[in-house]
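First up is the structure itself, then whatever we jot down about it.
What follows draws every value from the coordinates through simple rules; no lab data is involved. Because the structure is a prediction, the values reported are computed rather than measured. Methodologically, a virtual Cβ is constructed for each residue, glycine included, from the backbone with ideal geometry; neighbour enumeration extends over all protein chains shown.
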Amino acid sequence: MDWDWNFVWEIMPTLIQGVKITILATILGSVLAAIVGLGIALARRSENRIVARGVGWFAEFIRGTPLLVQLYFIFYVLPDIGILLPPLVAGVIGLGLHYGTYTAEVYRAGIDNVPRGQWEAAKACNLSGRHTWTHIILPQAIPPMIPALANYFIAMFKETPLLSAITVLELMNQAKSVANTYYRYIEPMTLVGAFFLVISLCSVVLLRWLEHRYGRIER
Amino acid sequence: MPTPIIKVDAISKSFGAFKVLDGLSMQVMPGEKLALIGPSGSGKTTILRILMTLEKIDGGHIQVDGEQLYHMERNGQLLAADERHLARMRQKIGMVFQLFNLFPHKCVMDNVTLAPMLTKGVARAAAEKRAMELLDMVGLADKAKAMPAQLSGGQKQRVAIARALALSPKIMLFDEVTSALDPELVEEVLNVMRKLAAETDMTMLLVTHEMGFAHDFADRVLFFDRGRIVEEGKPDEIFRHPKQERTQSFLKKIIAAGHRV
């Protein structure tokens with residue numbers, strides 16, 4: 001078994017196509033997870049018991065089942081009831097929903113960490129519930145939880161190869177297809193690993209910076 | 001005979017099994033300066049928090065400025081107040097907290113202008129002009145752009161007073177506003193309150209352990225114990241000639257602890 005640099009350069013454009021999709025899926029999935037997580041966290045605090053309980057059970061259900069199964073459901077089962085999604089859209093929804101249930105816990109902790117006095121001061125200032133959230137609570141809750149959120153987004157990035165199971169042409173899928181075409185696995189799979197490693201390491205540097213920038217709030 | 005601006009009628013409030021207010025009734029006249037004193041757990045802070053609608057009541061009625069606070073009249077019936085009614089009533093009342101509770105992510109100016117802009121639709125320029133007047137009054141005009149974390153405790157509390165005043169309440173509640181301060185910073189906050197009392201006709205209720213200040217500042221002193229008002233009267237009557245035994249023993253303890261009366 002020997003390493004063939006010519007083959008590497010030959011398959012590189014295809015793999016870079018895959019990397020682009022991987023990164024795109026991660027970014028869109030992260031945005032969706034950030035929004036879904038906030039929605040779940042707020043709904044679980046709702047005074048409406050049915051909403052709070054229902055969303056709570058939904059989140060437990062999503063968290064308690066494998067992402068791969070959820071992806072299969074979204075891509076292969078939903079068409080049975082008339083919902084036909086393109087692979088990348090199905091993948092982003094799967095990633096966003098799944099990780100949204102985790103980021104919801106980050107939001108919950110972040111919101112709980114805002115001192116009770118802030119809620120009371122907002123009330124004494126006669127701010128409405130909506131203004132209290134948008135001007136007082138969330139601006140204080142979110143910065144300290146950015147590192148924890150980013151951690152989940154990096155974890156999500158490393159799970160994107162699961163999207164190959166629903167025909168998304170991300171990095172892993174592209175590597176598999178060139179490997180299956182030429183019957184050479186060592187170069188494509190090594191490169192997949194290398195791409196993930198390099199991007200993860202860059203992300204860790206970014207994460208450290210985020211922790212430094214947002215990790216604490218001065219009172 | 002003017003009518004009271006606050007009428008508290010048979011309010012009860014429990015935290016779990018602990019009855020913190022036990023059928024409390026009191027009245028406050030417009031412009032009156034009231035000091036609420038008593039041991040911790042006696043209910044004096046709780047009644048302030050109830051007036052600010054930070055706690056729910058278990059029973060009784062409160063009238064503020066001629067209107068029910070926790071109830072609303074609909075077709076001659078008294079119903080529990082909804083959020084809209086509470087929001088309208090809160091406009092009449094401002095509160096300053098023991099731990100300041102400034103918004104740490106906003107500069108001093110924004111702390112003061114936020115509520116007028118959001119709740120009253122005041123334009124930024126007008127809100128900032130008013131805020132500068134208020135910051136000037138509390139002696140912090142030069143700190144408008146500072147963040148709360150850069151201020152001393154005394155400065156934070158003075159900003160908190162300006163923030164509460166920005167909404168022009170008729171009634172101001174002060175909840176142990178100097179208790180969290182280093183001793184050398186207490187006086188600057190008390191001075192602002194003296195100034196406020198001298199320059200405005202606002203009704204002021206303060207819960208305090210500063211007996212000397214309460215004596216000089218208040219028109220009337222209420223002594224709380226176990227969720228009831230045990231004794232009330234002019235500062236001289238309460239501090240120099242307390243009639244009730246519980247008041248006497250409380251003041252004795254306070255003096256023994258080194259507080260000036």
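Ranking of A:Cys125, A:Cys202 by neighbouring Cβ atoms within 10 Å, starting from the fewest: A:Cys202, A:Cys125.
Gap in Å between the Cα centre of segment B:174-247 and the Cα centre of segment A:111-161? Rounded to whole Å, the Cα centres lie 38 Å apart. Size check on chain B: the Cα extents along the three principal axes, sorted descending, read 55, 53, 40 Å. Expressed as a fraction of 2.2 N^0.38 Å, the rule-of-thumb size for a compact globular protein of N residues, what is the C-alpha radius of gyration of chain A? So the Cα radius of gyration is 1.23 times the expected 2.2 N^0.38 Å. Computed about the Cα centre, the dipole magnitude for segment A:1-134 is approximately 880 debye when only Lys and Arg (+1) and Asp and Glu (-1) carry charge, each at its Cβ.
When chain B is treated as a GNM with alpha-carbon contacts under 10 Å, the residue of B:Ala166, B:Ala146, B:Ala214 showing the greatest mean-square fluctuation is B:Ala146.
Within the same chain, aspartates and glutamates fewer than 8 places from A:Lys20 are excluded, and of the rest, those with a Cα less than 12 Å from its Cα are A:Glu170. Taking the Cα centre of segment A:76-211 as origin and assigning +1 to Lys and Arg Cβ atoms and -1 to Asp and Glu Cβ atoms, the resulting dipole is close to 180 debye.
Inter-chain neighbour count for B:82-93: the average number of beta-carbon atoms from partner chains within 10 Å of each residue's beta-carbon is 2. When the C-alpha to C-alpha distance is required to be over 23 Å, the pairs from B:Lys106/B:Lys129; B:Lys13/B:Lys156; B:Lys13/B:Lys253; A:Lys123/B:Lys195 that qualify are B:Lys13/B:Lys156; B:Lys13/B:Lys253; A:Lys123/B:Lys195. With q set to 0.10, 0.12 Å⁻¹, the log10 of I(q)/I(0) for the protein assembly as shown, from the Debye formula over equal scatterers at the Cα positions, is -0.85, -1.06. Note on the protein assembly as shown: with charges restricted to the Cβ of Lys and Arg (+1) and Asp and Glu (-1), its dipole about the Cα centre is near 600 debye.
Listed by Cβ neighbour count within 10 Å, with the fewest neighbours leading, B:Arg130, B:Arg240, A:Arg184 appear as B:Arg240, A:Arg184, B:Arg130.
The order of B:Val186, B:Val138, going from fewest to most other C-beta atoms within 10 Å of their C-beta, is B:Val186, B:Val138.
For segment B:130-236, the antiparallel share of DSSP beta bridges with both residues in that region comes to about 50%. Springs between Cα atoms under 10 Å define the GNM used for chain B, and in it the highest mean-square fluctuation of B:Asp110, B:Asp58, B:Asp219 occurs at B:Asp58. Computed from Cα positions, the angle between helix A:138-159 and the longest principal axis of chain A comes to roughly 20 degrees. Considering only DSSP beta bridges with both partners in the protein assembly as shown, what is the antiparallel share in %, to the nearest 5? About 60 percent, rounded to the nearest 5.
Where Lys and Arg each count +1 and Asp and Glu each count -1, what net charge lies around B:Lys33 among other residues with Cβ under 12 Å from its Cβ? Overall, the nearby charge balance is -1.
Note on the protein assembly as shown: dipole from Cβ charges, positive end direction compared against A:Phe75, B:Ala164, A:Ser203; the farthest Cα belongs to B:Ala164.
Peptide A:122-134 has a mean shielding of 6, counted as Cβ atoms of other protein chains within 10 Å of each residue's Cβ.
Using only DSSP helix segments of four residues or longer, with each worth -39500 (n - 2.57), what per-residue ellipticity at 222 nm results for the protein assembly as shown after dividing by its residue count and rounding to 500? All intermediate terms of the calculation are to be shown ahead of the outcome.
Numbers: 17 runs with 257 residues, N = 480.
My calculation for the protein assembly as shown gives -17500 deg cm²/dmol from helical runs alone.
Positive end of the dipole of segment A:20-168 (Cβ unit charges, origin at the Cα centre): among A:Ile154, A:Leu127, A:Val168, the Cα lying farthest that way belongs to A:Leu127. Among beta bridges from DSSP that stay inside chain B, the antiparallel ones total about 60%.
Enter the mean number of other protein chain beta carbons within 10 Å of the beta carbon of each residue in B:115-122, as an integer.
On the way: counts 8, 2, 1, 10, 5, 1, 0, 0.
Mean shielding by partner chains, rounded to a whole number: 3.
Placing a label point 7 Å from the Cα of B:Met29 along the Cα-to-Cβ direction, no residue of segment B:58-99 has a backbone N closer than 15 Å.
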